[in-house]
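**Q** Please read through the structure below; I'll follow up with questions.
The values are calculated or read from the model by the stated rules, or taken from the named source; none is laboratory data. Since the structure is predicted, the reported quantities are computational estimates derived from the model, not experimental observations. Backbone-built Cβ (ideal geometry, glycine too); neighbour counts: all protein chains shown. Note: areas computed on protein heavy atoms with side chains; ligands, DNA, RNA excluded. Shrake-Rupley method; radii C 1.70, N 1.55, O 1.52, S 1.80 Å.
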Amino acid sequence: MSEAKKLFIKTYGCQMNVYDSERMAEAMGAEGYTLTDVVEDADMVLLNTCHIREKASEKLFSDLGRLRPLKDARPDLKIGVAGCVAQAEGAEIQRRMPLVDIVVGPQAYHRLPALARATGPQVDTDFPAEDKFDHLPERKALRGPTAFLTVQEGCDKFCAFCVVPYTRGAEVSRPVERILRETRDLVARGVREVTLLGQNVNGYHGAGADGDWTLGRLIRALAEVEGLERIRYTTSHPNDMDDDLIAAHGDVPQLMPYLHLPVQSGSDRILKAMNRKHTRDDYFRVIDRIRAARPDILFSSDFIVGFPGETEEDFDDTLDLVRRVGFGQSYSFKYSARPGTPAAEKTPVPAEVADSRLQRLQALILEQQRAGQEAMVGREVTVLYEKPGRQPGQMVGKSDHLHAVHVADATGRVGELARVRVTASLANSLSAVRIS
Ligand code: SAH
Ligand code: SF4
Ligand code: F3S
């Protein structure tokens with residue numbers, strides 16, 4: 001019998017890519033490939049790419065450059081590029097980097113095994129009519145206690161800065177039954193927490209037995225799955241937080257009190273130029289409604305600074321919004337002009353101005369994050385253990401509020417939900433001791 005072939009996957013970008021990489025690994029597993037984390041041992045290298053900012057895209061080309069000596073030494077090594085750069089640039093990638101054997105877009109992953117078997121350069125960036133996940137093999141092996149699960153993909157919102165509607169295509173929701181089946185299967189394999197994924201996950205409208213379901217209804221059905229202890233979802237758009245979903249935050253105990261709700265800017269002028277279709281007041285109102293349902297909820301957001309036309313006054317509005325909401329954490333990015341998006345035509349803000357704004361915003365976000373963590377010290381929280389910590393007698397996991405927690409616990413097991421008392425706030429995590 002020939003030795004199993006080895007597959008090395010590098011994943012860039014968002015959680016959806018993490019999920020897709022898992023599914024591609026399973027598809028290639030059915031072809032006799034096992035995963036390796038040593039690139040030199042691989043028979044196939046797959047780079048699952050992100051196109052969201054210029055830096056993310058360029059990383060692919062520097063990584064491909066680094067693979068060249070390997071490919072020169074072993075011409076039978078297969079190199080594949082998947083993900084959003086594959087979708088955006090297609091065959092252009094092979095023109096620039098002839099060492100690439102396969103270019104496969106996010107909607108064509110079920111065809112990866114066939115592309116890998118074929119000889120000569122392969123490109124597949126179609127948006128086929130069928131659900132790619134229907135054609136990927138079922139998952140089998142035992143796995144860790146947390147999992148991502150894509151329920152919705154693509155986006156019809158067309159924010160002026162964003163490539164996602166072009167790389168992931170039009171918004172599509174997966175049918176309810178498939179999600180329930182996949183969840184039961186994950187739970188049977190050891191999963192206790194699922195994070196439902198979608199570029200606009202709260203716009204979910206998948207087919208159920210009696211018509212389309214909303215995300216709120218889907219979450220209520222998932223809460224009935226025996227053994228599933230925690231449910232999260234990301235990423236949401238402020239305009240799609242409907243009453244039922246908000247109510248679920250108050251009455252579904254498995255739905256965790258943490259929500260990533262990107263706002264991008266605190267300035268109405270910039271929000272309009274970004275085509276976000278909501279104002280800062282709309283955002284405050286949504287936050288208030290969710291807090292009314294679940295007072296202890298923590299919010300996080302994404303921000304873009306230096307969007308074309310952003311003035312110092314607009315930026316002050318962003319700082320003001322951050323102060324008013326008080327985020328548990330947030331991600332902030334310097335605007336990056338993306339080819340093909342409407343904002344790329346506009347005059348950019350000078351780099352030094354954007355840099356200085358990014359620094360000021362990040363300082364404020366960090367201050368809020370630290371204060372939020374400090375406020376947890378002395379409190380009792382629940383942690384789902386994900387792995388042993390670096391020190392002996394220590395377990396690591398996440399609290400309900402998504403804080404990373406290191407727990408002193410000599411007998412803890414991965415997958416356990418433990419009650420702990422927080423003893424200290426560190427740079428990006430909390431320390432705690434087990435109490436029951
Ligand atoms: N679907 C999600 C976000 C997808 S991209 C949403 O609607 O919020 C993740 C984040 O990357 C965005 O929230 C935005 O803050 C950032 N981003 C997207 N395009 C960008 C660009 N051209 N330059 C800088 N940041 C960008
Ligand atoms: Fe991009 Fe806007 Fe869609 Fe989010 S909502 S994926 S930022 S276009
Ligand atoms: Fe990046 Fe595509 Fe995700 S551009 S952020 S990998 S949807």
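**Q** Against the definition (closer than 30 Å to Cys84 by Cβ and β-branched (Val, Ile, Thr)), how does Val383 come out, yes or no?
**A** Answer is no for this residue.
**Q** Does Cys14 satisfy the criteria of being surrounded by 15 or more Cβ atoms within 10 Å (Cβ to Cβ), closer than 24 Å to Thr146 by Cα and within 16 Å of ligand 2 (Cβ to nearest atom)?
**A** Yes, satisfied.
**Q** Right, here's the next one. Across segment 244-295, what is the number of residues that are open to solvent by 10 Å² or more (accessible area, probe 1.4 Å), part of a helix (DSSP H, G or I) and closer than 16 Å to Ala160 by Cβ?
**A** 4
**Q** Still on this structure: Taking Phe284, is it in contact with a strand residue (DSSP E or B) (Cβ under 8 Å, 6 or more places away or on another chain) and either at pLDDT 95 or above or not hydroxyl-bearing (Ser, Thr, Tyr) (or both)?
**A** Answer is no for this residue.
**Q** Mind checking which residues of segment 330-374 are more than 16 Å from ligand 2 (Cβ to nearest atom) and of a type in the set (Val, Ile, Thr)?
**A** Answer for segment 330-374, where residues must be more than 16 Å from ligand 2 (Cβ to nearest atom) and of a type in the set (Val, Ile, Thr): Thr347, Val349, Val353, Ile365.
**Q** Taking only segment 424-436 into account, find how many residues are buried (at least 16 other Cβ atoms within 10 Å of the Cβ) and more than 11 Å from Ser399 (Cβ to Cβ).
**A** Count: 3.
**Q** I would also like to ask the following. Asn239 passes all but one of (1) in contact with a His (Cβ under 6 Å, 6 or more places away or on another chain); (2) open to solvent by 40 Å² or more (accessible area, probe 1.4 Å); (3) over 28 Å from Pro342 (Cβ atoms); which number fails?
**A** (3)
**Q** Moving on to the next point. Would a scan of segment 25-43 turn up a residue that is in the same structural domain as Met97 (by TED's automatic domain parsing), closer than 30 Å to Ser236 by Cβ, within 16 Å of ligand 3 (Cβ to nearest atom) and open to solvent by less than 70 Å² (accessible area, probe 1.4 Å)?
**A** No.
**Q** Suppose we keep only residues that are in contact with a Ser or Thr (Cβ under 9 Å, 6 or more places away or on another chain) and open to solvent by less than 40 Å² (accessible area, probe 1.4 Å) within segment 180-194. Which one would you say is farthest from Val263 (Cα to Cα)?
**A** In this case the residue turns out to be Val191.
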